[in-house]
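The values are calculated or read from the model by the stated rules, or taken from the named source; none is laboratory data. Here the structure is a predicted model, which is why all the values come from computation and not from measurement. So basically every Cβ, Gly included, is an ideal-geometry build from the backbone, and we count neighbours across all protein chains shown. The accessibility values were calculated without ligands, DNA or RNA, using every heavy atom of the protein model including side chains. Shrake-Rupley method; radii C 1.70, N 1.55, O 1.52, S 1.80 Å.
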Amino acid sequence: MTVRIDQTKCIGSGQCVLAAPDVFDQSDSDGLGLVLIAEPPAELLPGVRDAVDRCPAQVVSLEE
Amino acid sequence: MTEAAVCPVPHENRTHPLGAPAGFEEAISNGPVKMLWPNGVEAWVVSSYAGVRQVLSDRRFSANKEGGPEMRTEGEQILGLPQPGNMNVMDGDEHLRLRRPLSRAFMVKRLNEMRPRIQEIVDQHFDEMERGGEPADLVSSVCLPVPSLVIAELLGVGAEHQALFQATAREMLGKNGSKAEYEAKAAELGEVLAKVVDEKKASGSTDDLIGLMVNDTDFEMDELLMLAIGLLVAGHETTSNFFGLFTLTLFENPDQLAVLKRDPSRADVIVEELLRYTIGKLGGAGIARRALEDVEVDGVTIRAGDWVTVSSHANLDEQLCPHASELDLERRAVPHLGFGFGPHQCLGANLARVELQILLRTLFTRFPNVRPAIPVAEMAFREDMITYGAAAIPVVWS
Ligand code: HEM
Ligand code: SF4
């Protein structure tokens, strides 16, 4: 399972960070979403799915 | 396809101060309907969870509100952020150009760093409320002053300008009628802010919002001043109204208030449920968009050029969570639509969250017996197009 953020449409809302703080961060230079752990362990996946749901710009994805 | 019947948009007459305008829930019960607004514009109302997410995130809907539905006939609405820094009516790249550079100031980690300072501001206001004795008005002593002080802090308005900033902001925000008066006050506030801008230019600081805009964006001076004033307007009444409404919701649901008192450290999750439920219950036809092409939403075809409003009633949709029409403070945080969705989702959401968490936790831990001094049904409420709240909340705590 691979986590990605399409930064071209990210609005830097930080909803991914609230949903899964271990997996996501925001860049100090522009506030945009960053993936810290691209292949998160199973116990972090519920938070990642929550981030996929919550991202207002719909740019967080979790792929097989 | 049959044309939907058009009913006047229900507003103002709420059967309960924490409920939707009378007739609203009935009107939307069979899917999207068209409603007629006081300025003569017709607009669809979409109120399902999936439908609202679609309208607010689909680029075939524009946020340009020119000629759109308005509560007031004379178009004197002042709540839209002032031009030309009004990102709320822009689409695509034009919108991102204004919004993106600001997101750094609202980063989750930045706001977490601000928590001690916000707590200090909140404590000072509760101290003063307590010194003033019972009964006290929660609205004038805490709800109103705290958010504007916090925004001054975020903008980087230094201590030496804060008294003037506060006084002018208060006068400006108090102008509920005349556009001319409002604009005069906004201009005065612009003068205070222009001084702050000069200081940031000299220091080169990017540690606060004004510094960031001055030293690290291509914003023009007029855009920058209007963005700063716009943030003050957008972040002031919303946060103060909702702190009051959350408190009233808890007073009306003592079993749920007990959940907060039992474990105030869960204030973050509790604030999400209060946002979902309180905003959902208030319902009504809200944020407007305009279709640029024909779009299918919730089984109806919205034609190019049609206006659409979304209802926060979507927060009570079972698609979002089980027993969605009930307040359940033990629920996990769900992706509610209280701050909207899509590229225009509230820029200040994370700030509002931190403020509301600190305010609620502090109120109910410092004053565990706090309660309304008069029945909620007898309190006066103020209704505006997008802001609604209690005019005063008299409380006692001993
Ligand atoms: C409980 C408090 C708040 C609520 C419920 C709220 C709600 C909302 C909603 C629903 C929108 C979306 C409007 C749309 O889609 O057209 C929005 C946008 C916005 N809000 Fe908030 N808000 C709150 C607090 C704040 C605060 C504290 C600030 C700033 C300090 C703020 C600044 C903004 C701005 C600038 C926008 C426009 C964003 C854009 O168009 O991209 N809000 N707010
Ligand atoms: S939630 Fe989406 S829009 Fe917000 S920072 Fe994360 S990726 Fe970007």
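In angstroms, what radius of gyration and Dmax does region B:153-243 have, counting Cα atoms only?
Values for region B:153-243 (Cα only, Rg and Dmax): 13.2, 39 Å.
Taking a 25 Å limit on the Cα-Cα distance, which of the listed pairs A:Lys9/B:Lys34; A:Lys9/B:Lys200; B:Lys34/B:Lys65 fall beyond it?
A:Lys9/B:Lys34; A:Lys9/B:Lys200
Please list the non-local residues whose amide H lies under 5 Å from the amide H of B:Arg14, H modeled 1.01 Å from N, same-chain partners needing a gap of 5 or more.
B:Ala22
Can you pull the percent of the protein assembly as shown's accessible area that's carbon plus sulfur, 1.4 Å probe, other chains left in place?
Here carbon and sulfur together make up 51 percent of the probe-accessible area.
From zero outward in steps of 10 Å, how is the percent of C-alpha pairs of region B:222-310 spread across the bins?
Spelled out per bin, shortest first, that is 13, 29, 24, 25, 9, 0.
Explain nothing, just compute: Karplus ³J(HN,Hα) = 6.51 cos²θ - 1.76 cosθ + 1.60, θ = phi - 60°, for every residue of region B:389-398 in order, whole Hz, x for Gly and Pro.
x, 6, 6, 8, 10, x, 10, 10, 9, 8
Could you give the accessible area per residue of the protein assembly as shown, probe 1.4 Å, as a whole number in Å²?
41
Starting from the amide H of B:Phe61, placed 1.01 Å from N in the peptide plane, find each other amide H under 5 Å away whose residue is 5 or more places distant or on another chain.
Close amide H contacts, sequence-distant or interchain: B:Leu292.
Loop-only check: which trypsin sites (Lys or Arg not before Pro) in region B:292-365 are DSSP coil with at most 12 other Cβ within 10 angstrom?
B:Arg303, B:Arg332
Give me D for region B:24-172 in µm² s⁻¹, whole number, from Stokes-Einstein with Rh from the Kirkwood sum over alpha-carbon pairs, 10 °C and 1.306 mPa s.
Result for D is 81 µm²/s.
Just to be sure I understand: if you take the accessible area of chain A alone plus chain B alone and subtract the pair, with a 1.4 Å probe, what total do you get in Å², rounded to 100?
So the total buried area for this chain pair works out to about 1800 Å².
Hey, what's the Cα Rg ratio for region B:7-396 versus the globular rule of thumb, 2.2 N^0.38 Å?
0.97
Work out from phi, with θ = phi - 60° and the Karplus expression 6.51 cos²θ - 1.76 cosθ + 1.60, the ³J(HN,Hα) of each residue of region B:41-46, listed in order in whole Hz, and give x for Gly and Pro.
8, 9, 9, 5, 10, 10
Mind grabbing the base-10 log of I(q)/I(0) for region B:357-398 at q = 0.22, 0.24, 0.27, 0.34 Å⁻¹? Debye formula, identical points on the C-alpha positions, no solvent, two decimal places.
Rounded to two decimals, the profile gives -0.84, -0.90, -0.94, -1.04.
If r is the Cβ-Cβ distance from B:Ser203 to B:Arg117 and R0 is 25 Å, what FRET efficiency results, to the nearest 0.05?
Computed FRET efficiency for B:Ser203 and B:Arg117: 0.80.
At 1.4 Å probe size, with no ligands or nucleic acids counted, give the accessible surface of B:Trp44 in Å², nearest ten.
10
Using Cα positions and a limit of under 29 Å, work out the lysines in reach of B:Lys261, with same-chain residues fewer than 8 apart set aside.
B:Lys109, B:Lys281
Could you give the size of the charge dipole of region B:110-201 about its Cα centre, using +1 on the Cβ of each K and R and -1 on the Cβ of each D and E, expressed in debye and rounded to the nearest 20?
Computed about the Cα centre, the dipole is about 400 debye.
Summing Lys, Arg as +1 and Asp, Glu as -1, what charge do residues with Cβ under 11 Å from the Cβ of B:Leu316 carry, B:Leu316 excluded?
With Lys, Arg at +1 and Asp, Glu at -1, the neighbours total -2.
Using the alpha-carbon atoms, what tilt in degrees (0 to 90, nearest 10) does helix A:45-54 show relative to the longest principal axis of chain A?
Helix A:45-54 sits roughly 40 degrees off the main axis of chain A.
For the protein assembly as shown, just list the percent of Cα-Cα distances falling in each 10 Å bin from zero outward, please.
4, 20, 31, 29, 14, 2, 0
Roll a 1.4 Å probe over the protein heavy atoms and report the accessible area of A:Cys16 in Å², nearest 10.
The accessible area of A:Cys16 comes to roughly 10 Å².
Ignoring ligands and nucleic acids, what accessible area does B:Thr365 show with a 1.4 Å probe (Å², nearest 10)?
80
Could you tell me the convex hull volume per residue, in Å³, taken over the Cα atoms of region A:2-63?
67
Relative to the isolated chain, which residues of region B:103-145 have their accessible area cut by 40 Å² or more in the presence of all protein chains (1.4 Å probe, heavy atoms, no ligands or nucleic acids)?
By number: B:Ser103, B:Arg104, B:Met107, B:Val108, B:Lys109.
What aspartates and glutamates sit close enough to B:Lys201 to cross-link, taking a C-alpha to C-alpha distance under 18 Å and skipping anything fewer than 8 places away on the same chain?
B:Glu153, B:Glu160, B:Glu191, B:Asp216, B:Asp218, B:Glu220, B:Asp222, B:Glu223
Under a 5 Å amide H to amide H cut-off, with H placed in plane at 1.01 Å, what residues pair with B:Val297 once short-range neighbours are removed?
The answer is B:Ile302.
So what J values fall out for region B:127-134 if you push phi through Karplus, 6.51 cos²θ - 1.76 cosθ + 1.60 with θ = phi - 60°, rounded to Hz, Gly and Pro as x?
4, 5, 4, 5, 4, x, x, 8
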